[in-house]
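The values are calculated or read from the model by the stated rules, or taken from the named source; none is laboratory data. Since the structure is predicted, the reported quantities are computational estimates derived from the model, not experimental observations. All Cβ positions, even for glycine, are placed from backbone atoms using ideal geometry, and neighbour counts span all protein chains on display.
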Amino acid sequence: MSKTTPTGWFKFYHRDWVSSSTIRKMSMTAQGIYLNLLLLQWEDGCVPDTLEEAGMILRLTEEEIDAFKPYFSSLFPDGQNPRLALERSKSVEYIEKQKSHGKAKGSPRVATTKPEGRQKVAKFIPPTIEEVAGHMLIRRWRNHERKAEQFVAWYEGKGWKVGKALMKDWRAAVITWEGKMHDDDFLPKPKASHKPGELIEGIHYQVLPSGERVDML
């Protein structure tokens with residue numbers, strides 16, 4: 001398998017998606033898992049051998065794994081979705097051709113091209129406690145308001161630096177903090193027993209046409 005990384009995007013044939021009889025049979029949960037597995041294959045070239053392994057990467061619950069279990073083996077035979085594998089190989093081939101083309105013309109091009117000015121880098125703007133708390137709630141943090149205060153205080157004390165460099169993305173820093181957290185540090189996901197509009201630990205739930213209950217954040 002080539003080590004070349006494909007482009008940061010791939011063609012999504014939305015008409016094929018919405019007209020697919022397989023997709024129409026899926027719950028919204030199963031569709032979301034399917035899309036995330038496609039993204040995983042695009043980056044890594046394949047998905048894990050079992051849905052349980054994939055579930056660990058995607059942090060799926062047992063109920064969510066069960067929702068996609070009827071489709072996993074047929075959509076990802078031998079760890080790959082065939083259609084996406086073909087699109088990925090085309091993307092990798094294109095990038096490799098671009099690289100070889102650039103090497104062939106590299107020296108003359110450098111000699112005849114005027115140096116470009118420095119590209120402007122977007123200035124980092126420290127977030128407010130409210131912004132951090134809102135993002136933490138979206139990611140299902142418990143006690144998100146108190147932890148947002150701790151987060152902002154910590155990085156304000158460090159001059160909003162990561163190591164010696166100025167922070168570029170505070171949302172990425174929030175995700176990094178999650179690596180030290182446990183499962184019970186997160187809010188529960190909606191269950192079938194939750195009623196429409198019910199407020200569960202700060203989350204309102206709604207019912208989809210499929211009958212699923214999802215949170216409204």
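Numbers below:
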| read-out | value |
| --- | --- |
| Residues of the stretch 138-162 that turn out to be in contact with a helix residue (DSSP H, G or I) (Cβ under 8 Å, 6 or more places away or on another chain), surrounded by fewer than 18 Cβ atoms within 10 Å (Cβ to Cβ) and part of a helix (DSSP H, G or I), as a count | 2 |
| Boolean, ALA192 is loosely packed, with under 10 Cβ neighbours inside 10 Å, outside the structural domain of LEU60 (by TED's automatic domain parsing), hydrophobic (A, V, I, L, M, F, W, C) and at pLDDT below 90 | yes |
| Top-ranked residue in the stretch 35-66 [being without any contact (Cβ under 8 Å) to a residue 24 or more places away in the chain and within 12 Å of the chain's Cα centre (by Cα); ranked as nearest to ARG139 (Cα to Cα)] | ARG59 |
